[in-house]
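Notes follow once the structure below has been shown.
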Amino acid sequence: MAFETLLLFGATGDLARRMLLPSLYALHADGLVAAHLRIVGTARSDLDDGAYRDFARAALEEFLPEERKDAGALASFLERLSYQPLDASTPEGFPALADKVGDTSKGMAIFLSTAPFLFEPTIAGLKSAGLAGDNVRIGLEKPLGTDLASSREINDAVAAAFPEERTFRIDHYLGKETVQNLLALRFANMMFEPLWNANGIDHVQITVSETVGLEGRVGFYDGAGALRDMVQNHMLQLLALVAMEPPASFDATAVRDEKVKVLRSLRRIDADSAATHSVTGQYGAGASKGEAVPGYADELGKPSDTETFVAIKAHVDNWRWHGVPFYLRTGKRLPTRQSEIFIQFKNIPHSIFAKKGGKLQANKMIIRLQPEENIRLQVMAKEPGLDRGGIVLREVPLDLSLTHAFAGARRRIAYERLLLDLIEGDPTLFVRRDEVEAQWDWIDAIRAGWAANGMTPKTYGAGSWGPSAAIALTERDGVTWHD
């Protein structure tokens, strides 16, 4: 059931400006939300309705693509918006927020993006003001804690007001079209699933690289680091989607049941294996996009042991993936911005072309999530010719560019789908509590392993692919990173 009110916390923040307001406008302009849906924004900024509408108009002018701007749609969208200032750290302001929201009997969805220390007072304030009733569901934006213990505290606080079926934990990677196409690729095509196991796949690489440095996230990032900021959520969710068993159906319970099985099957990386199965780094001075850039400590203004790069060799200990390594790599100030899943298939057992000079390479699949979305399968083909000097085989790509294949379909950013699912109450692309806690359990063991081994980040030059130890991590197995 679609609800009648959306309460948007953090309504003046960077996420709201860049993603949430443009996404909600797009849903409005395309007629995908009910005409009577009201959007109430709240944050610490002391604005009234008119000032907030001016703020939203400026954000949309800056971040909407030109082809999406429509004066009539913009005017009618802004009419949906109202605003109530709130200091969420104290309970005093919540009654006024409840007055602004008004009747919630026909349902309300809440989007909560806040610092971890504000989760408990915010939830308590909502509950005390009557804004956590049976017709209210809540979407929670990360970070949901800094370790398993703090994550459980937050989840317990949320559960005191919102049961699991009304709690929607957001990982925006799950809203990306290509991530969902990974499920279609695996489970809607007969040709892949028989090979999608240790018999057919040699290894898997997942890379999420950024060219930026701190970019205004100093306060958050230095207390988090790459392992908690990227691996704990986005990358482990991608790994789970690659490795999961086929769910019985495409619904929230079936899909999330299979994901959590994978997360619980991850081999622990602890004090005995942290030094051989993980690499941690921090960028120093270097060059990015042709310009000189400072190192992390210089940007931060003080020395720090926070990692800006992580590489991990992981294993899923079950029958399907026995002996198949999953290499994970993420970092800031790397050469390119890209998110991709690289599947290296095994070599064929016997080449009939060897005596004719034909040289084979194992098939590869590259699933690119950003910046452009596409799926590429590298296959072997014979070069045209009479073959008198021998057969020449060459690797050629079979491309599925989602941009070109579905040129007539409107491209959606992840938050459009996730906000619409939150409003309509479909939890399939949201993360369940047991998933989050399985992820934190694995991450905490790695951090404890780093501490036990005295591992501190190795310096790498900005604009490079991380410390040399990250190359050694894969090359010990005869594997090269796909850059």
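The values are calculated or read from the model by the stated rules, or taken from the named source; none is laboratory data. Quick caveat, the model's predicted, so the values are computed rather than measured. Cβ: placed from backbone, ideal geometry, glycine included. Neighbour counts: every protein chain shown. Accessible surface areas use protein heavy atoms only, side chains included; no ligands, DNA or RNA. Shrake-Rupley method; radii C 1.70, N 1.55, O 1.52, S 1.80 Å.
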Would you point out the residue of segment 76-107, among those that are of a type in the set (A, V, I, L, M) and touching a helix residue (DSSP H, G or I) at 6+ places or on another chain (Cβ under 9 Å), that is nearest to ARG57 (Cα to Cα)? LEU78
Scan segment 103-126 for residues that are under 20 Å from GLY425 (Cα atoms) and surrounded by 16 or more Cβ atoms within 10 Å (Cβ to Cβ) and report the count. 10
Inside segment 452-483, can you point out the residues that are over 19 Å from PRO335 (Cβ atoms) and out of contact with any strand residue (DSSP E or B) (no Cβ under 8 Å at 6 or more places or on another chain)? ALA452, ASN453, GLY454, ARG476, GLY478
Those residues of segment 433-448 that are basic (Lys, Arg) and touching an Asp or Glu at 6+ places or on another chain (Cβ under 7 Å) come to a total of 1
Residues of segment 201-215 being assigned to a loop (DSSP other than H, G, I, E, B), open to solvent by 10 Å² or more (accessible area, probe 1.4 Å) and either touching a residue at least 24 places away in the same chain (Cβ under 8 Å) or in contact with a strand residue (DSSP E or B) (Cβ under 6 Å, 6 or more places away or on another chain) (or both), which ones? GLU210, THR211, VAL212
Out of ALA35, ALA16, ALA58, which single residue is open to solvent by less than 50 Å² (accessible area, probe 1.4 Å) and aliphatic (A, V, I, L, M)? ALA16
Would you call LEU37 in contact (Cβ under 8 Å) with a residue 40 or more places away in the chain and either farther than 18 Å from PHE94 by Cα or among the acidic types (Asp, Glu) (or both)? yes
Return the residue satisfying two criteria in turn: it lies in segment 241-283 and is of a type in the set (Val, Ile, Thr) and modelled with pLDDT under 95, and of such residues it is most open to solvent (accessible area, probe 1.4 Å). THR253
Would you confirm whether any residue within segment 83-95 is touching a strand residue (DSSP E or B) at 6+ places or on another chain (Cβ under 7 Å), closer than 19 Å to LEU419 by Cβ and at pLDDT 95 or above? yes
Can you tell me which residues in segment 311-336 are open to solvent by 60 Å² or more (accessible area, probe 1.4 Å) and closer than 26 Å to VAL379 by Cα? HIS322
Considering only residues that are in contact with a Phe, Trp or Tyr (Cβ under 9 Å, 6 or more places away or on another chain) and within 15 Å of ASP477 (Cα to Cα), which ones fall in segment 300-331? ALA311, ILE312, LYS313, ALA314, HIS315, TYR327
Pair list, Cβ under 6 Å, 6 or more apart: segment 87-107 residue touching a residue at least 12 places away in the same chain (Cβ under 8 Å) and farther than 18 Å from LEU118 by Cβ, other residue open to solvent by 20 Å² or more (accessible area, probe 1.4 Å) and among the charged types (D, E, K, R): LYS106/GLU4; GLY107/GLU4
Which one of the conditions (1) more than 18 Å from ASP171 (Cβ to Cβ); (2) open to solvent by 60 Å² or more (accessible area, probe 1.4 Å); (3) touching a Leu at 6+ places or on another chain (Cβ under 9 Å); (4) at pLDDT below 95 does LEU393 fail to meet, given that it meets all the rest? (2)
Which of the residues spanning segment 340-352 are open to solvent by less than 70 Å² (accessible area, probe 1.4 Å) and over 21 Å from TRP196 (Cα atoms)? SER351
So, restricting to strands (runs of 3 or more DSSP E) that lie completely within segment 236-304, which ones have at least 2 residues that are β-branched (Val, Ile, Thr) and in contact with a helix residue (DSSP H, G or I) (Cβ under 7 Å, 6 or more places away or on another chain)? 278-284
Selection status of LEU64, open to solvent by less than 10 Å² (accessible area, probe 1.4 Å) and within 19 Å of GLU416 (Cβ to Cβ): no
Yes/no for ARG152 being part of a strand (DSSP E or B), touching a helix residue (DSSP H, G or I) at 6+ places or on another chain (Cβ under 9 Å), open to solvent by 10 Å² or more (accessible area, probe 1.4 Å) and farther than 20 Å from LEU239 by Cα: no
Look through segment 164-183, keep the residues that are open to solvent by 40 Å² or more (accessible area, probe 1.4 Å) and more than 15 Å from LEU236 (Cα to Cα), and return whichever of them is nearest to the chain's Cα centre (by Cα). GLU177
